[in-house]
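Comments concern the structure below.
The values are calculated or read from the model by the stated rules, or taken from the named source; none is laboratory data. Just so it is clear, the structure is predicted and the values come from calculations on it, not from any experiment. Every residue, glycine among them, receives a Cβ derived from its backbone with ideal geometry; neighbour counts consider all protein chains shown.
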Amino acid sequence: MRVLIPFTLILLTAASTLSALQKKVTLPITRYSYPVTANLDRAAATLKTITIAPGATFSLNDALGPRNAATGYRMAPVFGGNGVSLSEFGGGLCMVSSIVYNVALAAGLEILERHPHQRVVRYVAPGLDAALDYGRKDLKVRNPHSTPVSFRLTRHGKYLTAELFAEGTESASIRIEREVAQDQIPGSLEPGFRVRTLRVYTAHDATPVKKEILSQDTFLPIDAASEGDLQR
């Protein structure tokens, strides 16, 4: 099964502001507990607006810093080894890394480091997620463009939103393709997946210019033992 997810990046003029933004990714967060949403609020307050200069690298772990009580984070459920549920400071921040990853894909940023979850999460499609674990798993991207690319993270009520804007006069079209194979195991609540994710660059006349393989991920099936208020 092949799934096509279109993204279009509109490069704005230098005078453009965030209010003129035309690209954003939004996740509903109403199903998550207070510790998770509190961690999302803390991350949003830390990130605010991030600008990546031409040729520069952005590390989400470096931007957020350590997650502990002293830095304002709460204990919340996460996926541990083999998809087992456990609690850690900063639980829920994989929603932040995943939404930033999707914005980075839309912006045509170079993905230097990204890690999939072991099991499917519910806030983004398989292959479009990004796990985050301070000191072990990071999301790192590089700006290959000749102009800065900026984004901001906000939480408004029931939604977490990442918004993107850039300086420039030209536009580029990016299409994300996911090739999905489903692995159904008897007794599992949800199937596992094997997902190949690609990014296709398209010229103004809709002619494909470049296609790159972003990732080839395997997600374990979900059983009753792994259900709960995870980052899902």
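So here's what we get for this one:
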item	result
Residues of segment 180-218 satisfying the condition of being surrounded by 14 or more Cβ atoms within 10 Å (Cβ to Cβ) and modelled with pLDDT of 85 or more	180, 194, 195, 196, 197, 198, 199, 200, 201, 214, 215, 217
Residue tally, condition closer than 19 Å to residue 73 by Cα and assigned to a loop (DSSP other than H, G, I, E, B), over segment 121-138	6
Tally, over segment 103-119, of residues that are assigned to a loop (DSSP other than H, G, I, E, B) and of a type in the set (Lys, Arg)	1
Positions within segment 137-163 being over 17 Å from the mean Cα position of the chain (by Cα) and either under 30 Å from residue 88 (Cα atoms) or among the hydroxyl-bearing types (Ser, Thr, Tyr) (or both), in sequence order	146, 147, 156, 157, 158
Some residue of segment 102-111 being surrounded by fewer than 23 Cβ atoms within 10 Å (Cβ to Cβ) and in contact with a helix residue (DSSP H, G or I) (Cβ under 6 Å, 6 or more places away or on another chain)	no
Long-range neighbours under 6 Å by Cβ, at least six apart or interchain, first residue buried (at least 19 other Cβ atoms within 10 Å of the Cβ) within segment 28-50, second of a type in the set (Val, Ile, Thr) and assigned to a helix (DSSP H, G or I)	43/96
Any chance residue 27 is within 15 Å of the chain's Cα centre (by Cα) and at pLDDT 90 or above	no
Pair list, Cβ under 8 Å, 6 or more apart: segment 86-106 residue over 17 Å from residue 119 (Cβ atoms), other residue of a type in the set (S, T, N, Q) and in a helix (DSSP H, G or I)	90/39
Hits in segment 42-61 (condition: assigned to a helix (DSSP H, G or I) and more than 16 Å from the chain's Cα centre (by Cα))	42, 45, 46
